[in-house]
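What follows is a set of notes on a single structure, which appears directly below.
Every read-out reported here was derived from the displayed coordinates using simple, explicitly stated rules and does not represent laboratory data. These figures come from a predicted structure and were not determined experimentally. Here the Cβ positions follow ideal geometry from the backbone for every residue, glycine too, while neighbour counts run over all protein chains shown.
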Amino acid sequence: MTLSEKQQRFALLICSLIQWADKIGYKVTLGEAYRTPEQAALNAQKGTGISNSLHTIRLAIDLNLFKNGVYLTNSEDYQMLGEYWKSLDPDCAWGGDFKQFKAADGSWKGGPDGNHFSLAHQGIK
C-alpha cells in the first residue's frame, strides 16, 4: 500500500469515527491533523510529542470532543471513541493507550493522549 492509499484509508476511518461519535450523542471538531517535521521536533524537545509523529505524514489527528456543549479534555472522556477506533482496523491506535516513559534526562515524558487517533504506517511502499 502506498502512503497516499494509507492516508485515504485513514480519512475514511476518521469519517466513520466522527459519524459514530455523533450517533452516540457526542460532537467533534477537528484539532491538529498535519504537523510539520520542525514542529514535531520542537514538541519532542519539550516532551509534548515525538519527532517521528504520524501527524507529519498525515496519518494522525487530534479531535476535540463535546458532550451537551461541554468541551471534554480528559483522556478518559475519549475512552468509548478510542475503543471504537481500535475496532475499525488492526492498524488503528488510540493515544489514550500511550504510556509515560522516563527520558534520558530523568524526567517523565508522554502519557495518555486521549484526543489522538492514528493509523500505523507499516506496509507502506
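Go through segment 1-21 and give me each residue that's more than 12 Å from F117 (Cβ to Cβ), of a type outside the set (A, V, I, L, M, F, W, C), part of a helix (DSSP H, G or I) and in contact (Cβ under 8 Å) with a residue 24 or more places away in the chain.
Matches in segment 1-21: K6, Q7, R9.
Would you check which residues across segment 33-90 are part of a loop (DSSP other than H, G, I, E, B) and either of a type in the set (S, T, Y) or crowded, with 17+ Cβ neighbours inside 10 Å (or both) and list them?
Correct list: Y34, R35, T36, T48, G49, S51, S53, R58, L59, T73.
Among the residues of segment 22-32, what is the count of those that are basic (K, R) and part of a helix (DSSP H, G or I)?
1
Could you look through segment 1-29, keep only residues that are among the aliphatic types (A, V, I, L, M) and either in contact with a strand residue (DSSP E or B) (Cβ under 8 Å, 6 or more places away or on another chain) or under 22 Å from K67 (Cβ atoms) (or both), and pick out the one that is surrounded by the fewest Cβ atoms within 10 Å (Cβ to Cβ)?
Taking the candidates together, the pick is I24.
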